[in-house]
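Data block below; observations after.
The values are calculated or read from the model by the stated rules, or taken from the named source; none is laboratory data. Note that the coordinates shown come from a computational prediction; the quantities given were computed from them, not determined experimentally. All Cβ positions, even for glycine, are placed from backbone atoms using ideal geometry, and neighbour counts span all protein chains on display.
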Amino acid sequence: MVAGADVICDQISKRLGKNKFAIQFSEFKFPTAAFHGDMKEGRIDRGTTFYSPELKMEFWLCPALGKYFEHTPKQLWVAFK
């Protein structure tokens with residue numbers, strides 16, 4: 001996780017007080033989602049930039065996102081456990 005996503009993980013780790021956690025994500029809103037990102041630009045095969053209004057920051061996810069989605073989701077909802 002790079003370009004902002006690593007910063008988000010660091011912040012969540014501090015909030016949870018743990019060095020380990022699991023990330024759950026979906027293109028659909030779900031009850032335990034902590035925040036979401038709106039796709040700004042990108043392609044599933046080249047990486048995608050999202051903007052989170054809750055966090056007021058951008059984050060980039062690499063092409064590995066294609067292992068979970070056939071097409072780049074317009075929104076990405078995220079929860080940490």
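Brief remarks follow.
- Within the range 1-38, tally of residues that are at pLDDT below 90, part of a loop (DSSP other than H, G, I, E, B) and of a type in the set (S, T, N, Q): 1
- Residue in the range 45-58 that is touching a helix residue (DSSP H, G or I) at 6+ places or on another chain (Cβ under 6 Å), assigned to a strand (DSSP E or B), touching a residue at least 40 places away in the same chain (Cβ under 8 Å) and closer than 14 Å to Ala5 by Cα present: no
- Taken over the range 59-81, the residue count meeting the criterion of being assigned to a strand (DSSP E or B), modelled with pLDDT of 90 or more and surrounded by 17 or more Cβ atoms within 10 Å (Cβ to Cβ) is 2.
- Here the range 18-51 is the region considered, the condition is being of a type in the set (A, V, I, L, M) and touching a strand residue (DSSP E or B) at 6+ places or on another chain (Cβ under 8 Å), and the residue that is surrounded by the fewest Cβ atoms within 10 Å (Cβ to Cβ) is Ala22.
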